[in-house]
Amino acid sequence: MSDEMDMEEGGVIKKFMFVNRKAPYGTIYALEGLEVVLISAAFEQDVSMAFIDDGVYELKKGQDTKELGQKNFSPTYRALEGYDIEKLYVERESMEARGLTEDDLLVDVIVMDRAELAAKLDEQDVLISF
Amino acid sequence: MKIGVLVNEGPYTHEASDSAYNFVKAAIEKGHEIYRVFFYHDGVNNSTRLTEPPRDDRNIVTRWSELAKAHNLDMVVCIAAAQRRGIMDENEAKRQGKDANNIAEGFRISGLGQLVEAGIQCDRLVTFGD
Amino acid sequence: MPMVDIAGKTVEVDEEGYLVNLADWNKDVADYLAKEEKVDMSENHWEVVNFLREYYDEYQIAPAIRVLTKAIAKKLGPDKGNNKYLYELFPYGPAKQACKIAGLPKPTGCI
Amino acid sequence: MLHIVNKSPYERNSLESCLRLASKGSAVLLIEDGVYGATKGGSFEGKVLAAMADVKVYALAPDLSARGMADRVLDGVSVVDYGGFVDLVAEHTNCQSWL
């Protein structure tokens, strides 16, 4: 949290996509990736997130890290809506390959097949991947 | 063209920092402007001046510092990632009550907003990592 | 790190006066932290501090100021969910002061 | 769009995911351990050859040489140096690194 006001960047609005392909806890990418996403909200850009491959596991319901001694950051995905980050794209093929359905996920997402998501990737100005 | 570079891995373990360095050098030789090199995740470890590799190996940290000096590069280390991994400048060390700092010449510690801002300002943003 | 006695309990704070162990927080600790910030805790102050604690409890982050004002407006009304009101309560910034008093993690200064 | 892959297809699924999500007409640049995906004789060869109907595949010369694989590059793969890498970034409107 910061007391600084929202950033004004002269009205340039770019399409930013944060591409998440790593599972949580095994590495820090998911957590630190989420930190960038939250910061990006202050810049009034067109921000979306894509969950591909093991990135889908970031959104699995029921995460409990008590015995691990790591912070459970999965509730933070539910805060994204309040940051006006509502475009969370999940690749159907990745989700299904992992035996998951939308009901297993802790936030509302937009499920896309590979062709739809490929088109989404193409139209971005900036892709930041973790 | 304005190019931004994101380095997500530390030196030596991964080739990411070498690739980023060679890419930045080639881009400068081709007359492009490197708007900023941003170090995130373990990438912040590229900025400790305490690095001391064997004499027959490259010094990745010094090499970045020298490139920055020669071409006036803006090399930014993420403050949150740096705090986690013990990378400090004088101000941060004071603020956190630490007895030393270790940041190498040419690097500056700043916020994640600098990465988002680079995405907004640059024509291209290229990520190097693991 | 400095140790302070608060209502018979020893609590560790860092160089800038933030709680080191978030689990140490209680109302007495909040009163102590507020006094250090020269904030005189009223019902209105508590309302914001409690809101922040609930937000943190639910989402595991301290909200950005813009998100905080919006969320407070939604819960407590637009006359409270605005910068002017929050800065009147916490003159040195709701992010810095209210979060500190609420015992939330110290901001990393990410922007 | 430019896709950059730095993982061996024999170790991780980065190249496979990249090829699954790369639109027709995209460029795929293999760097670091990713260059093994651009070489002949391995079990992944068929997938890369098939993908080349839709995407253009490049491999980074210094990474191929370092690994002793410079003489095993698949037909149809373009080998570029760091300057060529920079040109690819400049020529395409955006890029995604499949880490």
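The values are calculated or read from the model by the stated rules, or taken from the named source; none is laboratory data. Please read all numbers here as calculations on a predicted model, not as lab measurements. Cβ sites come from the backbone with ideal geometry, for glycine too, and all protein chains shown count toward neighbours. Remember, those area values only see protein heavy atoms, side chains included, never the ligands or the DNA or RNA. Shrake-Rupley method; radii C 1.70, N 1.55, O 1.52, S 1.80 Å.
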Exercise. Out of C:Leu33, C:Leu89, report the one residue that is under 26 Å from B:Gly97 (Cβ atoms), open to solvent by less than 30 Å² (accessible area, probe 1.4 Å) and at pLDDT 95 or above.
Key: C:Leu33
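Regarding A:Lys61, is this residue charged (D, E, K, R), within 14 Å of chain C (Cβ to nearest Cβ) and either more than 26 Å from D:His3 (Cβ to Cβ) or open to solvent by 30 Å² or more (accessible area, probe 1.4 Å) (or both)? Spell out how you get there, then give the answer.
Working: charged (D, E, K, R): yes; within 14 Å of chain C (Cβ to nearest Cβ): no; either more than 26 Å from D:His3 (Cβ to Cβ) or open to solvent by 30 Å² or more (accessible area, probe 1.4 Å) (or both): yes.
No: the conditions fail for A:Lys61.
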Practice problem: Could you grab the pairs with beta carbons closer than 8 Å, sequence gap of 6+ or different chains, first residue in the stretch D:71-87 and more than 27 Å from B:Gly31 (Cα to Cα), second one open to solvent by 50 Å² or more (accessible area, probe 1.4 Å) and in a strand (DSSP E or B)? | Solution: D:Val73/D:Val79
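Report, by residue number, each residue of the stretch D:13-61 that is polar (S, T, N, Q), in contact with a helix residue (DSSP H, G or I) (Cβ under 9 Å, 6 or more places away or on another chain) and more than 10 Å from every other protein chain (Cβ to nearest Cβ). If you could, list the steps in order and put the result at the bottom.
Looking only at the stretch D:13-61, we keep the residues that are polar (S, T, N, Q), and these are D:13-14, D:17, D:23, D:26, D:39, D:43.
Restricting the remaining residues to those that are in contact with a helix residue (DSSP H, G or I) (Cβ under 9 Å, 6 or more places away or on another chain) gives D:13-14, D:17, D:23, D:26, D:39.
Hit for the stretch D:13-61 is D:Thr39, nothing else.
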Quiz item: Do we have any residue at all in the stretch B:91-98 that's surrounded by 18 or more Cβ atoms within 10 Å (Cβ to Cβ) and either more than 17 Å from B:Leu50 (Cβ to Cβ) or modelled with pLDDT of 95 or more (or both)?
Solution: no
Practice problem: Restricting attention to strands (runs of 3 or more DSSP E) lying wholly within the stretch D:4-99, give those where 3 or more residues are open to solvent by 20 Å² or more (accessible area, probe 1.4 Å). | Solution: D:78-80
Quiz item: Can you name the number of the only condition in (1) at pLDDT below 95; (2) crowded, with 21+ Cβ neighbours inside 10 Å; (3) in a loop (DSSP other than H, G, I, E, B) that A:Gly69 fails?
Solution: (2)
Quiz item: If you check C:Asn50, C:Asn83, which single one turns out to be away from chain A (no Cβ under 12 Å) and open to solvent by 50 Å² or more (accessible area, probe 1.4 Å)?
Solution: C:Asn50
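What number of residues within the stretch C:15-36 satisfy the criterion of being in a loop (DSSP other than H, G, I, E, B) and among the small types (Gly, Ala, Ser)? Before you say what the answer is, go through the steps one by one.
Taking the stretch C:15-36 first, the residues in a loop (DSSP other than H, G, I, E, B) are C:15-18, C:20-21, C:25-26.
Right, trim to among the small types (Gly, Ala, Ser) and you get C:17.
Residues in the stretch C:15-36 being in a loop (DSSP other than H, G, I, E, B) and among the small types (Gly, Ala, Ser): 1 in total.
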Quiz item: Can you pull out the residues in the stretch D:62-99 that are hydrophobic (A, V, I, L, M, F, W, C) and more than 11 Å from every other protein chain (Cβ to nearest Cβ)?
Solution: D:Leu64, D:Met69, D:Ala70, D:Val73, D:Leu74, D:Val77, D:Val79
Quiz item: Within the set of pairs 6 or more residues apart or between chains, which connect a residue that is away from chain B (no Cβ under 14 Å) inside the stretch A:118-130 to a residue that is open to solvent by 10 Å² or more (accessible area, probe 1.4 Å) and in a loop (DSSP other than H, G, I, E, B) with Cβ atoms less than 6 Å apart?
Solution: A:Ala118/D:Ser23; A:Asp122/D:Met1; A:Asp122/D:Ser23
Practice problem: Run C:Val39 past the list (1) part of a loop (DSSP other than H, G, I, E, B); (2) within 14 Å of another protein chain (Cβ to nearest Cβ); (3) among the hydrophobic types (A, V, I, L, M, F, W, C) and report the number of the one that doesn't hold. | Solution: (2)
